[in-house]
Structures are given as structure tokens and as C-alpha cells.
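What follows is a single structure, written as C-alpha cells, with notes after it.
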Amino acid sequence: MTLPLRIGTRASPLAMAQTRLVADALRAAHGWGPERIEIVPITTSGDTIKDRPLADIGGKALWTKELDRALAEGITDISVHSMKDVETLRPAELRIAAMLPRADVRDRLIGAKSLAVLREGATVGTASPRRAAQLRRIRPDLAITLFRGNVATRLARLDKGEADATLLAAAGLDRLGHPEIGVPLDDLLPAPSQGAVGIETLAAAKRTVALIEAIDHRDTHVCVAAERCLLEGLGADCHSPVAALAVIADGQVHLRAEILNADGSLSEAGEARFDAGDGDAPRALARQLLDRAAPSLRALFGA
Ligand SMILES: NCc1[nH]cc(CCC(=O)O)c1CC(=O)O
């Protein structure tokens, strides 16, 4: 292939930073010069609508629709995604062929040294139903205010005093060059796919698939696939109050997961160990969580 490989990405600073990591990995794997890759920034609906919770926008595929269209129309050859923002069920003609090595999976608290020292009734800015529910389970007195927009926007809103604290993914802060911002929360189970970057192309584009597979980080791919199978079993997406994390331990996948209601007053947690590539075990864990959940929690998942 002599033409440049065109990489479609959201235009946010984090998406661009992640895309540069993908470009570097591809160049290193294939011995390419800089001219072999072209980065194509694309604005998505998720980027333009900032003032409403994502669930209210009716939104599936908010971050991916425009990138998918660019692939289908031949404007780009591959797309780079934060896997956390990729809806659970993808069009069959697309293939997530590789993932970069996962970054720090934790959330970091910004604005206070710990959740415990936040004053009574403090306000925490977040747009994540999972973070809101986990926070309010630990500290029911906290008020949640809607914080959307990219990482820099949220930090600026915190600076302006629109909230006492916020939670952001360590992965995003680190990849934007801010390893010093915030305190990692070890006890908060992250969002499914947090910290993972995926590379997608048309399943029929066999040569492109092969080029991408060369940089696949298998353990990350296996773990994120397990977390996404759990989401599938729950009938959930990236706007649902679900936390999950898979790690490889003793040659097996160890998946921990939790579902919550909006204020964290109801939750159900569980774990499973299974072989890499087993999609049934995470779906069975999803079933178990729903079966054990109180009816009003189960109803949130349409089950
Ligand atoms: N939903 C926004 C989003 N999508 C991916 C990341 C950070 C990188 C990651 O978690 O992989 C973020 C920001 C955040 O949650 O702080």
C-alpha cells in the first residue's frame, strides 16, 4: 500500500492524543515513515451537544456514527475510539481489530484529597450515571451537577467553582500529559472499557485488518471483550450505571462487575473467572446480577 492510511478520529485533544499513539504504534510495527499516515479529525454529534445528559439525547452511537460513515464512504481507512464510548452492539460490517495496551483504569478525584474529606452536601460535577451512583452510595449527602464536555472544559468548570470536585478517568488525564492531577480512587470499580483505545475498520478490508492486528495488545483486547459481553448480557450501554473490570490472573480472565440504580441505594455486584475468549461466562454473570437484583433495579435494565 503506497497511499497514506487515513485515520478517522474525534477532534478532541484526548482523541487526537490517542490517535497519535495509534499512529506511532503502526509506524513502529510496519517501519513506516510519517507520510504513510494521515489523521482525519471528525466532529461527532456527541461533541456538539454539550448541555444535556447523553441519555436524554436519545443517544446511541453519538461518538461513532460520523466516524462509521467516513469508513463506509471511503473517506477514512480506520477509526480510533475510546472503547468506553463505543456502544455495545456495533454494525456487523465493522470490526474492532486491535486495542492499544490499556492505561490506568482508575478514576481520579479532583478538588479534594479523598471522598471522605468533602464537606457535607458538597457538589460533584459528573455526567456519568455510574460515577454519580457510586459516589452517592458512599456519600448520600453529595449533590451531583451535570458536567459534560471534554477534559479541559470540565477542569475549567471546576476552577470556576461550578462544583467542589469532579471525577475523571486517569487514562485521559495521563494521555493529555496531566499525571499530577487528582487522586486515584482504588475502591471505585471503573466503567467497562475504561482506559482502552480501540482501532476499527471495515471487516471486509482484509489487508487493513491485518495491518491493524499487528499492533493488537491481546490481554487488553480479551479483557475489554469480556466487559463488553457483560454489557451485552445486561442490555446496557455506556450511559448505564454499570461498573466492570476484567484482568488476567493465573492465565484466566477475572471479571468483577456491579450494577446500580441512580442514587446508589440499590446495587448488585459479582465476579467470575473464565478462559480468554469465553463470551458466555460474562453474559451469565450479567444474568446472575439481574436475577439477584431488586425488581426496581432490574427494571432499569429492561429485564
Ligand atoms: N466519556 C468521556 C471519556 N471517554 C474516555 C475518557 C477517558 C479515557 C478512558 O477512560 O479511556 C473520557 C473522559 C473521562 O471519563 O474522564
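No lab work stands behind these numbers, since they all come straight from the coordinates. Treat the numbers as computed from the prediction; the structure is a model and nothing was measured. Heads up, the Cβs are rebuilt from the backbone with ideal geometry, glycines too, and the neighbour counts pull from every protein chain shown.
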Completion exercise
In deg cm²/dmol, rounded to the nearest 500, the helical mean residue ellipticity at 222 nm of the chain, built from -39500 (n - 2.57) for every DSSP H run of length 4 or more, is -9500 deg cm²/dmol
Problem - Dmax and Rg, reported as Rg then Dmax, of the chain (C-alpha, Å) - result: 19.2, 61
Exercise for the section: Beta carbons within 10 angstrom, averaged per residue: use that to sort the peptides 110-117, 142-149, 229-236, highest first. Expected result: 229-236, 142-149, 110-117
Fill in the blank from the handout: the chain: antiparallel bridges as % of DSSP beta bridges, rounded to 5, reads 70 percent
Exercise for the section: Give the peptides 170-183, 78-91, 187-200 in descending order of average Cβ contacts within 10 Å, highest first. Expected result: 187-200, 78-91, 170-183
Exercise for the section: Report the equivalent ellipsoid semi-axes for the stretch 192-303 in whole Å, largest first, defined as the square roots of five times the eigenvalues of the gyration tensor built from alpha carbon atoms. Expected result: 29, 16, 11
Fill in the blank from the handout: For the stretch 107-185, the convex hull over Cα atoms projects on average to an area in nm² of 4.6 nm²
Practice task
Read phi for every residue in the stretch 141-155 and hand back ³J(HN,Hα) as whole Hz from Karplus 6.51 cos²θ - 1.76 cosθ + 1.60, θ = phi - 60°, with x for Gly and Pro.
Solution key: 6, 5, 9, 9, 10, 6, 10, 10, x, 6, 4, 5, 4, 5, 5
